[in-house]
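**Student:** Starting off with a structure, shown below.
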Amino acid sequence: MNEPTELPDILNSPQWTHEDLAQILEVASAANNVLAATARSQPSAWEETKRAAACRVALGTLHQLQARLITAVQRAAAIGEYQLAVYLCEALGQHLLAHFDNVTVGICSYRTAIQSAQAWGSNLAESRLRSGLASLLVDSCHSRSVVELAKHEVHLASLLIKANTGTADVDEAEELAAGALAKIARRAGDLESAERYAIDAVAVGRQVSDAQTQGMHTWLLAEIIADQGHYQAAQQHFFAAMGLLAAAGDDLGLARVFAARCRLGLHQFRAHDHLVDAVTAVRMLRYLGYPRYLAVAKAWKAVIHHELGQRAEADQERAEALALVRPGTPSALAVQEVLDLPASLPQAAMLTGLRRLDSSTRAAGSPSAPPAVARVLPSQSPWRLVGRAGELDLLTKASDTITVTAPMVVGISGLTGIGKTALALRWAHGVGRDRARFPDGLLHAVLDHGALSPELATSIALDQFLRALGVPVTEIDASSALEAKRALFRRVTAGKRLLMVLDDVVDPEMVPFLLPGSPHSMVIVTSVDALPPCSAGQVEISLDRLSTAVSTTLLANVLGTERVEEERPAARRIAYVCAGIPVALLIVAAGLAPQPTVSLAEVATSLENALSSNDSTLDAVLQVACSWLPEATVRDYRRLSLLPLTTLSPSITAAALGRSTVDEGLELLETLADRGLLTREAPARYCIPDALGPLLHKLAGTAEGLRACNKVISNGITQLGYEAAIVGQRAAGERESLRMWLGNRQSPVGAVPPATQLAGADAYAWLERERISVIQATIAAIDRSNLSLAWMTSVALGRLCLCHGGVPEGMNLLKLATECIRDGAREHDRRKPGRYRTIQVQMLTMFSVVSLCGVRAVPSHDRGEFVQETEQHLHQARQLAGSQQSMVVKALADATRVAQPHLDDREVAETLHRLAIDNAHHGDDQRARGLHTWVLGTIRMAEAKDEEALTAFQTADQLLLDPVDKAAVLLSAAVLFADQRRLDRGIGVLEHAATLLQQPEHADLLAKVHAACALLSGMRNDRRQAIAFRDAALAVLPEAPDDELLAAALKPLEDW
């Protein structure tokens, strides 16, 4: 049929008359009649083709009429043609709204028609419309609120039906309402109620002799019964529905039932029996021309192919199904619901359990994910903060200010030692901890790290923030450039409400890189100079010196009110000499506190005399404070300022100063901290205040000779490097003596104390806390051409970066360290040939692995060249190793094991294992070749490259001689066969693996093999064999280390 040529123009809808609306209704009704089910005898192929062509023409007509029908409903209601509005809406809903993605306009049209039915006074029409609206809602959206709205509409429809009884129209309305209630109850998970409503709908349909509607509700009943797990009863109802729909001539309904039967086949482990149903549904729906249902049928066909292990066919059908629907529409929702079904099937759970047993898919030797390392805030709030009430109020007011496009930024500027950090942290510890203000967290970073460039410090801070926010290290390291990390940070923080404190900013140009991507966050920045504008609504707080009165109050807080009141004039003199600088006042007060007999007047006079002979207030205060300490302590204090480290530990202090025990270092640090000359950053970690560092460094350079200064620096950074290397070894599970690489006079004081046996995750956590110090020590070692120290610190840093992230920064430092060692080794090799070749081999290998883990940050068109350069480094390592190729094999294996988090990236994993295979070949290590070939096969399996995976497994099986290794490879092969649904072959492979494991020490792996056989038998729907294998697994391994793993793997089988 063709559309009439003289239909009213939609642009002139306000002038449409009753005749125009009736004409539109007539054309729509004619098209709907063509599409309606028609009872007929067995049609010939010609009749089938003819009907399909007529249906496609009718659907085309309705599509062209769609906009006119929608507008006609609104127009009819507007001019008072309420009965006509109801009929137009029902014509619209008969096929267009029910079978195509017109939800929004459908709801609007139904609402208009319901109002028209009320004005017309037809309860039954209103009831039918409300039931139709409910069905449209529940079919188009699965949210709880929509289901509740649909339930409300059906409730109103039921109330309207009760007012009219005894007519065929009432029965029709009851049938519609019962069907809608069944859909709603099923969607809500109330299957018992859904079954009851569906039975009622079928019974009403039987009364009115409506085979088509009765068939649709019988189909709904079959699906509800199948959801309850009663598959045989569901099968009978499916057959009954198909018979009713075939008798009614409803080809569309019949095709949809064919597709729906596929769900039953999947739950019954009989996918092969229902492929014909999917094929039939696709063929019928392609003729009929309903894209929504054709897409659903193709999705079912894709799922069936997937369960049969036919991946190519499954991918093709899946792509075609998705191409037929628009994203975000009800059709797309229905298709995705079908495509997601396999993940909820027992077979999928059993396959997951099988993968648990495959040791190649589990990380070995390193934690799966690093902890959140960005400290929320320093643990202690600065309690000695006075005279800043106004500034604290400004911070609170700024946090209450609403910004639209960017976060609220507050800059706190002022002299060094004026209390910028104390103000920021006091407010953050107080108001900032309010979860109602900043529920998504508080982040803190110090950005002044001495020799580290502002760009490097900013990059490290971003890494820490991103890890604290739960971003995987592989995703962080894929953004090597600062701009890329900035974009990632803004994306991760979008919409969050964070408080951030950026402390000691050296380069204001770096601040924009650290701003979150949410206007609901707040950032506090401390710096010496005022912060340039970097955000709309930015607030600037400039800290002035404390007044004399406030300075006196600060002294009283430390020394006690009584002592200060007794000598108030002297206290005011001290406050005046300290010039209102909080750090100067605190140093004086901390020095006086343990000397109750010293008068404040004496101190004031000493400060005035010192000020007259020094350039600044802080010089004078430092001179007086040091006069209260023994000369040896003062000399040690000056020497500590020479170290190129921002934090000091007791062991580093003891080593730098030539002490024999860690306790001596701790005693010195505690003494200086009690006198206000050091700040306590963390347990057993201390820091020289920024205001005093340059002064002390200048004094040390004047008082100490060059040789003595170099000795302090060398001893201090060597101690740190040794500690880092030891902890790095423990993190990687290695044990190797490092003392041979230290100088004769560089015996470590304490390194890692014996009582603290760090390993695994704890060792990595230690390295993470010391990341900045290790980087500083590496830079210092490179500058001083200390080859052994550069090796120890850079390898420890490489291990940390491989496990916790920071690969781009680690790669740059490793490159510098490698070049330093290479150049220095040339000179050393003339005197002691071969001494430094071992560390060169390790450095080149570690550098290669770290570089490969950063390959995602390299543009795709440059990756080939990048990988070639990495391979060249390994080639150099092999040349240096000479006949000791096993040294390269071991170094590469150790680094690969540590890089486990990065092996989630298939490109990185594949390249690393290929390099390992090549190295093992040069080193004539057959077992290493076999193991890496095995893992490479699992990578191919994950990429769905089944033939390559199988070839790799076969090669590995030939290379490996140990029965445990061979059985592990066969277990991986069984997972591949299970994924392909070649279940019989998988069981055969596992049975062969079981014959290899006959020794008592093989019980652990043998139990896994039996458990895998049980899972494969379950996937094959062989309950008896599954139980037998399960019992065998539990009998072999009643109590063993992997007992929990076994139980978790077998749980899907037990649930089934």
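Rule-based calculations on the coordinates, nothing more; no lab input. Keep in mind that this is a model prediction, so the values were computed, not measured. Note that each Cβ is placed from the backbone with ideal geometry, even for glycine, and that neighbours are counted across all protein chains shown.
**Student:** When the helix-only estimate is applied to the chain (DSSP H runs of n ≥ 4, each -39,500 (n - 2.57), divided by the residue count), what is the mean residue ellipticity at 222 nm, nearest 500 deg cm²/dmol?
**Tutor:** Taking each H run of at least 4 residues, the total per residue is -21500 deg cm²/dmol.
**Student:** Then there's this: By how many degrees, between 0 and 90 and to the nearest 10, does the Cα long axis of helix 582-592 differ from the longest principal axis of the chain?
**Tutor:** So the inclination is approximately 50 degrees.
**Student:** Rounded to the nearest 0.05, what FRET efficiency do ASP400 and GLU910 give with R0 = 41 Å and r taken as the Cβ-Cβ distance? Could you check?
**Tutor:** After rounding, the FRET efficiency stands at 0.20.
**Student:** Stokes-Einstein D for segment 931-1055 at 4 °C, 1.567 mPa s, Kirkwood Rh over Cα pairs, in µm²/s? Don't jump to the answer; show the numbers that get you there.
**Tutor:** Working: Rh = 14.6 Å.
Reported coefficient: 89 µm²/s.
**Student:** Collect residues whose amide H, placed 1.01 Å from N in the peptide plane, falls under 5 Å from the amide H of MET500; neighbours closer than 5 in sequence don't count.
**Tutor:** Correct list: LEU443, MET522, VAL523, ILE524.
**Student:** Obtain the nm distance between the two label points defined at SER453 and SER612 by a simple spin-label model: each point lies 7 Å from its Cα along the Cα-to-C-beta direction.
**Tutor:** With each label point 7 Å from Cα toward Cβ, the separation is 4.9 nm.
**Student:** Another one. Say R0 is 45 Å: what FRET efficiency, to the nearest 0.05, do ALA708 and ASP393 get from their beta-carbon distance?
**Tutor:** About 0.35, to the nearest 0.05.
**Student:** Would you mind computing, in nm to one decimal, how far apart the modelled labels at HIS861 and SER547 are, each placed 7 Å from Cα along Cα→Cβ?
**Tutor:** Calculated label separation equals 6.7 nm.
**Student:** Would you mind telling me the antiparallel percentage of the DSSP bridges in the chain, rounded to 5? Numbers along the way, then the final one.
**Tutor:** Numbers: 4 of 23 bridges.
Taking every DSSP beta bridge within the chain, about 15 percent pair in antiparallel fashion.
**Student:** Relative contact order of the chain, please, whole-number percent, based on alpha carbon pairs below 8 angstrom and at least 6 residues apart.
**Tutor:** Result for the chain is 8 percent.
**Student:** Taking +1 at the Cβ of each Lys and Arg and -1 at the Cβ of each Asp and Glu, which of VAL257, SER616, LEU69 sits farthest along the dipole of the chain towards its positive end, judged by Cα position relative to the Cα centre?
**Tutor:** SER616
**Student:** What is the distance in Å between the Cα centres of segment 699-718 and segment 142-163?
**Tutor:** 84 Å
**Student:** Among TRP16, TRP120, which comes first, then next, by fewest other beta-carbon atoms within 10 Å?
**Tutor:** Going from least to most buried by this count: TRP120, TRP16.
**Student:** Structure shown: which of LYS298/LYS945; LYS890/LYS966; LYS496/LYS815 lie over 29 Å apart, alpha-carbon to alpha-carbon?
**Tutor:** Table pairs above 29 Å Cα-Cα are LYS496/LYS815.
**Student:** Also, quick follow-up: How high is the relative contact order of segment 389-542, in percent, counting Cα pairs under 8 Å that sit 6 or more residues apart?
**Tutor:** So the answer I get is 42 percent.
**Student:** Set the Förster radius R0 to 30 Å, insert the Cβ-Cβ distance between GLU943 and LEU333 as r into 1/(1 + (r/R0)^6), and round the FRET efficiency to 0.05.
**Tutor:** 0.55
**Student:** Could you run the Debye sum over the Cα atoms of segment 548-628, one equal point scatterer each and no solvent, and tell me log10 of I(q)/I(0) at q = 0.21 Å⁻¹, two decimals?
**Tutor:** Evaluating at q = 0.21 Å⁻¹ gives log10 I(q)/I(0) of -0.85.
**Student:** Continuing with this model, one more query. Separation between the ASP227 and THR661 pseudo-spin-labels, each 7 Å from Cα along Cα→Cβ, expressed in nm?
**Tutor:** Label at ASP227, label at THR661, 7.4 nm between them.
**Student:** What list do you get for TYR293, TYR197 if you sort them by fewest beta carbons within 10 Å?
**Tutor:** Starting with the residue having the fewest Cβ neighbours, the order is TYR293, TYR197.
**Student:** Relative to the longest principal axis of the chain, what angle (0 to 90°, nearest 10) does the C-alpha long axis of helix 787-804 take?
**Tutor:** Roughly 30 degrees between the two axes.
**Student:** If you put +1 on each Lys and Arg Cβ and -1 on each Asp and Glu Cβ, how big is the dipole of the chain around its Cα centre, in Debye rounded to 20?
**Tutor:** 1600 debye
**Student:** To continue, here is another question. Amide H to amide H, which residues 5 or more places from ILE541 or on other chains are under 5 Å from it, using H placed in the peptide plane?
**Tutor:** Placed amide hydrogens put GLY411, ILE412, SER413 under 5 Å from ILE541.
**Student:** Scan the chain and hand back the longest stretch that contains none of the trypsin sites (Lys or Arg not before Pro) lying in DSSP loops with at most 12 other Cβ atoms within 10 Å.
**Tutor:** It works out to 41-361.
**Student:** Sticking with this one: Using only Cα atoms, tell me the angle between helix 389-400 and the longest principal axis of the chain; keep it within 0 to 90° and round to the nearest 10.
**Tutor:** Around 20 degrees separate the two axes.
**Student:** Sticking with this structure for a sec: In whole Hz, with x marking every Gly and Pro, tabulate ³J(HN,Hα) for segment 419-428 from phi via Karplus 6.51 cos²θ - 1.76 cosθ + 1.60, θ = phi - 60°.
**Tutor:** 3J(HN,Hα) across segment 419-428, in whole Hz: x, 5, 4, 4, 5, 4, 6, 4, 5, 5.
**Student:** Which Rg and Dmax, in Å, describe the Cα atoms of the chain?
**Tutor:** Just the Cα atoms of the chain yield Rg and Dmax of 38.8, 120 Å.
**Student:** Under a point-charge model restricted to the Cβ atoms of Lys and Arg (+1) and Asp and Glu (-1), what is the dipole moment magnitude of segment 389-542 relative to its Cα centre, in debye to the nearest 20?
**Tutor:** The calculation lands at about 600 debye.
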